[in-house]
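> Here you go, one structure.
The values are calculated or read from the model by the stated rules, or taken from the named source; none is laboratory data. Source: prediction; values computed, not measured. Reconstructed Cβ throughout: ideal geometry from the backbone, glycine too, with neighbour counts over all protein chains shown. Note: accessible area is taken over every heavy atom of the protein model, side chains too, but ligands, DNA and RNA are not part of it. Shrake-Rupley method; radii C 1.70, N 1.55, O 1.52, S 1.80 Å.
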Amino acid sequence: MIYWHIFWSFFIANLLGYGGGPATIPLIQNEVVNHYHWMTLSEFGDVLAIANALPGPIATKMGGYIGFQLGGFLGAIIALIATILPSALAVILLFKFVNLFKGSPKVTLMTRAVQPIIAILLAIMAYQFFLTAFENSGIFHLILLAGVSYFALMRFKIHPSLLILCALIYGGVFLS
């Protein structure tokens with residue numbers, strides 16, 4: 001039964017995750033953390049950080065890792081198939097209609113209407129991660145890492161992957 005749950009959770013998250021990774025992450029989080037309770041929010045945040053630091057699509061990396069943790073090699077394969085299948089089906093089935101609706105004002109308005117929903121989902125997830133970080137790290141480390149991260153990203157234009165790697169090292173040295 002676990003394999004069906006793995007498949008269904010990643011299939012639904014990726015089917016509804018309009019726009020790829022950023023929109024899919026909160027949906028995967030909802031399935032993995034809130035619905036099935038396979039991970040805590042803190043564990044999910046760790047998986048997200050590592051998946052974000054590695055090259056390639058984030059949803060497939062998360063699906064492979066979470067699927068492997070739950071069901072071994074077969075679980076990883078099932079999660080990867082469930083992650084890729086919605087996009088593959090959409091490309092195969094809807095490819096004929098792309099040129100018909102490419103410049104449609106209705107499609108453009110639909111796309112714009114979805115963007116605020118994605119922003120809210122990401123904001124809620126960021127808030128939950130903030131609370132978890134506060135509980136696990138304390139206010140000093142949270143403010144220090146948030147401030148350094150902000151300036152490193154905005155002022156010095158450091159690549160996010162490098163910043164994540166530095167934060168992992170900092171956590172390993174100072175928070176263990």
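> Which of the following values of Rg and Dmax of the Cα atoms in Å was calculated from the structure shown: (i) 20.5, 65; (ii) 17.7, 63; (iii) 18.1, 56?
Checked against the structure: label (iii).
> Can you compute the FRET efficiency between Asp46 and Met154 using 1/(1 + (r/R0)^6), with r the Cβ-Cβ distance and R0 = 22 Å? Round to the nearest 0.05.
0.35
> Based on the Cβ-Cβ distance from Tyr127 to Lys96, what FRET efficiency comes out when R0 is 41 Å, to the nearest 0.05?
0.50
> Still on this model: Using a ≥ b ≥ c from the Cα gyration tensor of segment 112-151 (square roots of the eigenvalues), is it rounded, prolate or oblate, where a/c under 1.5 gives rounded and otherwise the larger of a/b and b/c decides, a/b for prolate? Intermediate values should be presented prior to the final figure.
Working: a/c = 6.43, a/b = 2.06, b/c = 3.12.
Since a/c reaches 1.5 but b/c is at least a/b, the shape of segment 112-151 is classed as oblate.
> Could you look at segment 1-150 and say what percent of its accessible area is carbon and sulfur, using a 1.4 Å probe and all protein chains?
Carbon-and-sulfur percentage of accessible area, whole number: 74.
> Right, next: Can you give the angle from 0 to 90° between the axis of helix 139-154 and the longest principal axis of the chain, with both taken from C-alpha atoms, to the nearest 10?
60 degrees
> Run the quick spin-label model on Ala146 and Cys166: label points 7 Å from Cα toward the beta carbon, then report their separation in nm to one decimal.
1.8 nm
> For a protection proxy built on the mean count of beta-carbon atoms within 10 angstrom, sort 145-155, 29-39 highest first, please.
29-39, 145-155
> Show me, for segment 110-123, the HN-Hα J-couplings you get by feeding each phi into the Karplus relation (A = 6.51, B = -1.76, C = 1.60, θ = phi - 60°), rounded to Hz, glycine and proline as x.
So the Karplus estimates, Gly and Pro as x, are 5, 5, 5, 6, 7, 4, x, 5, 4, 4, 5, 4, 5, 5 Hz.
> Would you mind telling me which residue in Gly20, Gly56, Gly45 has the biggest mean-square fluctuation in a Gaussian network model of the chain, where springs connect alpha carbons within a distance under 10 angstrom?
Result: Gly56 has the largest fluctuation of those listed.
> Using a basic spin-label model with each label point 7 Å from the Cα along Cα→Cβ, how many nm lie between Ile120 and Asn136?
In this crude label model, Ile120 to Asn136 measures out at 2.7 nm.
> What whole-number distance in Å separates the alpha-carbon centres of segment 144-176 and segment 39-61?
Rounded to whole Å, the Cα centres lie 16 Å apart.
> Note the angle between two axes, namely the Cα long axis of helix 58-94 and the longest principal axis of the Cα atoms of the chain, as a number of degrees from 0 to 90, rounded to the nearest 10.
40 degrees
> Related question: Can you give the charge dipole size of the chain about its Cα centre, rounded to the nearest 20 debye, using +1 on the beta carbon of Lys and Arg and -1 on the beta carbon of Asp and Glu?
My answer is approximately 740 debye.
> Mind checking the per residue accessible area of segment 86-176 for me, 1.4 Å probe, whole number of Å²?
80 Å²
> For a label point 7 angstrom out from the Cα of Arg112 toward its Cβ, which stretches of segment 6-36 have the backbone nitrogen within less than 19 Å?
19
> Note down the net charge around Ala51, summing +1 for each Lys or Arg and -1 for each Asp or Glu among other residues with Cβ under 14 Å from its Cβ.
-1
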